[in-house]
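K.L.:
One structure coming up, written as structure tokens, with questions to follow.
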Amino acid sequence: MATSSSLSFLSPHPAPPHRLHLLNPTTKPAAPRTPATQCALAAAAAAAPKSLPPPKLVRCPALDRQAARANRLRFARKLLTLLLSKPRRFLPLRVLRRCHRYLGLPRRRPLVPFVLRYPTLFRLFQAPTSRPLSPNISTLAVALTPAAEALAADLAALRGSELAPRLADKIHRLLLMTPGRSLPVSKVAHLAPDLGLAMDFRATLCPRHPDLFTFVHTSHGHALQLADPPPPPPPPLPPFRTAAPSDRLIDRPRRFPHLHLRRGLNLRRAHRDYLLWFHSLPEASPFEPLEDGASLEMVERRACAVVREVLAMTVEKRTLVDHLTHFRRDFGLPNRLHAMLVRHPELFYVSIKGLRHSVFLVEAFDDDGRLLVEDDMLVGRDRLEELVREGKRMRRAKKKGLLALAGDSDQDDDEEEEEEDDLGEVDGESGDLFKDGSIGEDWEEVGDQGEASDDDDDAELDAMEEFWVKKAVAEGLVDSGSELDAW
């Protein structure tokens, strides 16, 4: 006799007669389980997802090298973006020092030695009225070199002619993934460099496509909103891996469900079974909201589709995890986004290389970490890396007193690269400049508002900065005069 008490479960034998009065007399005997019923219950138990142990993050050296490659260019990219935001492509050093949070510099590190690491990108010059042998921080400015100016001009021409419709389609897709069909401009600025957009996309790109989106004023500032009536949603981006016809047995269609995992990744049995069950769920479009009462599994299914769509639109098929967290409420992503990304290694790879974690779209890379389909904007990254390598060769040649050699590699500057990996305590991004008042929403003015930097009040740091300025002048790295009027 089956009862609601747990005594019958603990003891397989029937209760003795003198204990029958302890049982509930109103309980009816359970119906006998037929073999068909037992099979149905077993199938339901197998199909239901089980609680998973925390997934182990298996390192991928090939993608970690890509993350380290991008981390080496972090300071140069940010300073280049900051200077390009000005009409005349320069900033006084006294103003630039207030952007140490955005540049990722430590609080007690001078700015001049980091600028001097890239002689092919940045140059120092003084006001014509200042004395060349007695430079001062207030009369020194940082500007772009002719090579950096040419690189910026070529990228601007590429964005304005050939890639303008494709870049506008990326913003269109971002807006379609939000329930309100709108996004603040400051949030789009976080992803702008990764998507290949210029930082002045609000003035150069958006007005050219009024059929896709318009500007609106909200309580959180300016925002982009889909045009009325909204254009039809496009299909999700196609997969990067295409199955080529082959006669090999390993390339033939599989008869059973299969997970395409990167090389060297072995999952636990419970984790693999969960992922197989997860991919057997119905497809969820990143551009369509879920119905009310959708299960948690379907919510995660759509969240994976949204992250996959965002990563597929980026130039390098990677971005920072912190960038995605800015869109949790806008895209309907879970609060524990990092755990979701690690839980799906068949889709994403989270690299812990550097101060901030990066997330890669696994299907866009081969086993050696090379992109299967390269974006047209990658030419900017390649040229920037070449200019950085050329600057390192110039510095080494100057130290050795020899001419620059053509076969040098980045391995000669391992110490500097490790130092750049541990640059700052806070690594702000482009969107932070809109918030702290360093740069206004028009992306043209650098104001004095906001809290004063600790560097400005530190006499020891000012003395270190003056030392590096005098050393740069003594080595002939500072122009004594310029046609630019910074004051």
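The values are calculated or read from the model by the stated rules, or taken from the named source; none is laboratory data. As the structure is a prediction and not an experimental result, all values here were calculated from the model. Every residue, glycine as well, gets a Cβ built from its backbone with ideal geometry; the counts of neighbours run over all protein chains shown. The area values use the complete protein model at the heavy-atom level, side chains included, leaving out ligands, DNA and RNA. Shrake-Rupley method; radii C 1.70, N 1.55, O 1.52, S 1.80 Å.
So that you can scan it fast, the table gives a plain yes or no per residue for (1) open to solvent by 10 Å² or more (accessible area, probe 1.4 Å); (2) under 29 Å from Ser351 (Cα atoms); (3) in contact (Cβ under 8 Å) with a residue 40 or more places away in the chain; (4) more than 25 Å from the chain's Cα centre (by Cα):
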{"site": "Arg72", "(1), (2), (3), (4)": "yes, yes, yes, no"}
{"site": "Ala76", "(1), (2), (3), (4)": "no, yes, yes, no"}
{"site": "Leu79", "(1), (2), (3), (4)": "no, yes, yes, no"}
{"site": "Gly104", "(1), (2), (3), (4)": "no, yes, yes, no"}
{"site": "Gln126", "(1), (2), (3), (4)": "no, no, yes, yes"}
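K.L.:
Oh, and also: Just checking, how many residues over the range 195-231 are among the acidic types (Asp, Glu) and closer than 24 Å to Leu155 by Cβ?
P.N.:
Qualifying residue count, the range 195-231: 1.
K.L.:
Just to check your reading of the model, which residue among Phe327, Phe287 is more than 18 Å from Glu363 (Cα to Cα), open to solvent by less than 10 Å² (accessible area, probe 1.4 Å), in contact with a Leu (Cβ under 6 Å, 6 or more places away or on another chain) and not polar (S, T, N, Q)?
P.N.:
Phe287 is the lone residue from the list that is more than 18 Å from Glu363 (Cα to Cα), open to solvent by less than 10 Å² (accessible area, probe 1.4 Å), in contact with a Leu (Cβ under 6 Å, 6 or more places away or on another chain) and not polar (S, T, N, Q).
K.L.:
Right, something else. Can you name every residue in the range 191-206 that is modelled with pLDDT of 85 or more and closer than 22 Å to Ala70 by Cα?
P.N.:
Of everything in the range 191-206, those that are modelled with pLDDT of 85 or more and closer than 22 Å to Ala70 by Cα turn out to be Leu191, Ala192, Pro193, Asp194, Leu195, Gly196, Leu197, Ala198.
K.L.:
It is to be established whether one or more residues within the range 84-104 are aromatic (Phe, Trp, Tyr), modelled with pLDDT of 80 or more and in a strand (DSSP E or B).
P.N.:
yes
K.L.:
Out of Pro239, Pro230, Pro253, which single residue is at pLDDT 80 or above and either surrounded by fewer than 10 Cβ atoms within 10 Å (Cβ to Cβ) or part of a loop (DSSP other than H, G, I, E, B) (or both)?
P.N.:
Going through Pro239, Pro230, Pro253 in turn, just one is at pLDDT 80 or above and either surrounded by fewer than 10 Cβ atoms within 10 Å (Cβ to Cβ) or part of a loop (DSSP other than H, G, I, E, B) (or both): Pro239.
K.L.:
Quick check: is even one residue across the range 330-345 at pLDDT 90 or above, part of a loop (DSSP other than H, G, I, E, B), touching a strand residue (DSSP E or B) at 6+ places or on another chain (Cβ under 9 Å) and of a type in the set (A, V, I, L, M, F, W, C)?
P.N.:
no
K.L.:
Being of a type outside the set (Ser, Thr, Tyr), part of a loop (DSSP other than H, G, I, E, B) and surrounded by fewer than 17 Cβ atoms within 10 Å (Cβ to Cβ), is that true of even one residue in the range 139-161?
P.N.:
no
K.L.:
Shifting gears a bit: Looking only at residues in the range 201-211 that are over 25 Å from the mean Cα position of the chain (by Cα) and in contact (Cβ under 8 Å) with a residue 24 or more places away in the chain, which one is least open to solvent (accessible area, probe 1.4 Å)?
P.N.:
My answer is His209.
K.L.:
Another question, if that's okay. Hey, any hits in the range 387-400 for a residue that's under 30 Å from Ala153 (Cα atoms), open to solvent by 50 Å² or more (accessible area, probe 1.4 Å) and out of contact with any Ser or Thr (no Cβ under 9 Å at 6 or more places or on another chain)?
P.N.:
yes
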